[in-house]
1. Might you let me know whether segment 115-123 holds any residue that is over 14 Å from Ala5 (Cβ atoms) and not in a strand (DSSP E or B)?
2. Does Leu19 fit the bill of being open to solvent by less than 20 Å² (accessible area, probe 1.4 Å) and part of a loop (DSSP other than H, G, I, E, B)?
3. Can you tell me which of (1) at positive phi; (2) open to solvent by 50 Å² or more (accessible area, probe 1.4 Å) is the one Gly7 doesn't meet?
Amino acid sequence: VQLQACGGGLVQAGDSLRLSCAASGLTFSTYNMGWFRQAPGKEREFVAAIRWSDPTTYYTDSLKGRVTISRDNAKNTVHLQMSSLKPEDTAVYYCAAGRSGFVDVRRLSAYAYWGQGTVVTVSS
């Protein structure tokens, strides 16, 4: 299984950014997909998730209204659209894939596969 994230970069506060994650080696449509981030010196934290079936979406409260997660099962891709970026959004953003089931998709333990991360830097 491979998850390849891309789309990160250096942006200014207030800008928008779209992250993408291409998955291979798994039946993508049967996996919950999530985005997490890890800032320097901090633990990895949940950003957003989308279930395989509904697809129901989940967002962390601190980013709600500024991020949208979506998936394209035909292209085995999940996206994270971020807007009104702030310096505190600076982090490495990781996509993750987890098997379907009754799991809390906001937890790291819900995911079996992780991408390598893409760096987002927001300057003030």
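1. Scanning segment 115-123, I find no residue that is over 14 Å from Ala5 (Cβ atoms) and not in a strand (DSSP E or B), so the answer is no.
2. No: the conditions fail for Leu19.
3. Condition not satisfied by Gly7: (2).
The values are calculated or read from the model by the stated rules, or taken from the named source; none is laboratory data. Owing to the predicted nature of the structure, the values given are computational and were not obtained by experimental measurement. Here the Cβ is made from the backbone with ideal geometry for all residues, glycine too, and neighbour counts use every protein chain on show. We work out accessible area using only protein heavy atoms, side chains counted, and drop any ligands, DNA or RNA first. Shrake-Rupley method; radii C 1.70, N 1.55, O 1.52, S 1.80 Å.
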